[in-house]
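Report on one structure; see the data block that follows.
The values are calculated or read from the model by the stated rules, or taken from the named source; none is laboratory data. Every value quoted in this text rests on a predicted model; they were computed, and no experiment measured them. Reconstructed Cβ throughout: ideal geometry from the backbone, glycine too, with neighbour counts over all protein chains shown.
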Amino acid sequence: MADIAFLLLTYFLVTTTIANDRGLSLSLPPPPDPNAPETKFQQHNLFIIQVNSSDALLVEGNPLSDLTNLKDDIKKFILNRGADPELSDSPEKAIVSYKTDRGTSQKRFIEILDIIQNAYYDIWADRAGVTNKRFREAASDLGNPENKAIYDKGLGKKADGSNEIPMAISIAEPTKIGG
């Protein structure tokens with residue numbers, strides 16, 4: 001009887017697959033250099049989005065309940081190029097700051113992060129003359145020369161390898177008020 005139990009145990013250990021939770025694929029910045037001077041930026045180059053523990057949204061200090069215009073507001077901020085002194089000086093200096101609360105739901109966190117990233121993808125796709133979907137497909141297969149050309153055109157690759165419109169999203173550490 002024990003032989004059969006061990007055979008069954010062995011069989012299930014060998015054939016069972018374990019789920020692999022992937023989570024969010026975010027690249028973290030390198031650790032700060034303690035000797036580096038403090039980075040200074042002008043406040044108008046910062047687009048601030050905050051979400052509290054009730055999933056309520058503050059954009060640039062104003063409550064926002066309807067998300068339909070958020071992506072367009074972000075795009076307008078990034079592409080301002082100094083036209084409106086209240087918005088960013090240039091796409092290279094524009095930073096979208098995203099701060100949540102410990103009680104913010106994962107669904108809301110991802111929903112807002114997707115909107116922010118989609119704003120950048122829309123900008124890049126428009127520059128490349130393709131749809132957002134086509135640009136994302138090109139970005140996922142840069143081994144193809146046609147895709148690489150679309151990707152480089154969208155980001156506006158400079159001779160030094162930097163991008164004319166970098167995706168500058170600052171995800172601040174959550175506050176510990178809610179949840």
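How many residues are farther than 18 Å from residue 113 by Cα and either acidic (Asp, Glu) or free of Cβ contacts under 8 Å to residues at least 12 places away in the same chain (or both) when one looks only at region 132-161? The qualifying residues number 17.
Residue under question is residue 12, and the condition is that it be surrounded by fewer than 10 Cβ atoms within 10 Å (Cβ to Cβ), without any contact (Cβ under 8 Å) to a residue 60 or more places away in the chain and not in a loop (DSSP other than H, G, I, E, B); does it hold?
On the way: surrounded by fewer than 10 Cβ atoms within 10 Å (Cβ to Cβ): yes; without any contact (Cβ under 8 Å) to a residue 60 or more places away in the chain: yes; not in a loop (DSSP other than H, G, I, E, B): yes.
For residue 12, the condition - surrounded by fewer than 10 Cβ atoms within 10 Å (Cβ to Cβ), without any contact (Cβ under 8 Å) to a residue 60 or more places away in the chain and not in a loop (DSSP other than H, G, I, E, B) - is met.
Number of residues in region 22-61 that are modelled with pLDDT of 80 or more, exposed (fewer than 10 other Cβ atoms within 10 Å of the Cβ) and of a type in the set (Gly, Ala, Ser) equals 1.
This table checks each residue for (1) within 19 Å of the chain's Cα centre (by Cα); (2) charged (D, E, K, R); (3) surrounded by 14 or more Cβ atoms within 10 Å (Cβ to Cβ); (4) closer than 30 Å to residue 53 by Cα.
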| site | (1), (2), (3), (4) |
| --- | --- |
| 75 | yes, yes, yes, yes |
| 82 | no, no, no, no |
| 94 | yes, no, yes, yes |
| 117 | yes, no, yes, yes |
| 163 | yes, no, yes, no |
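Just one of the listed residues (107, 133) is under 24 Å from residue 57 (Cα atoms), charged (D, E, K, R) and surrounded by fewer than 16 Cβ atoms within 10 Å (Cβ to Cβ), and it is 107.
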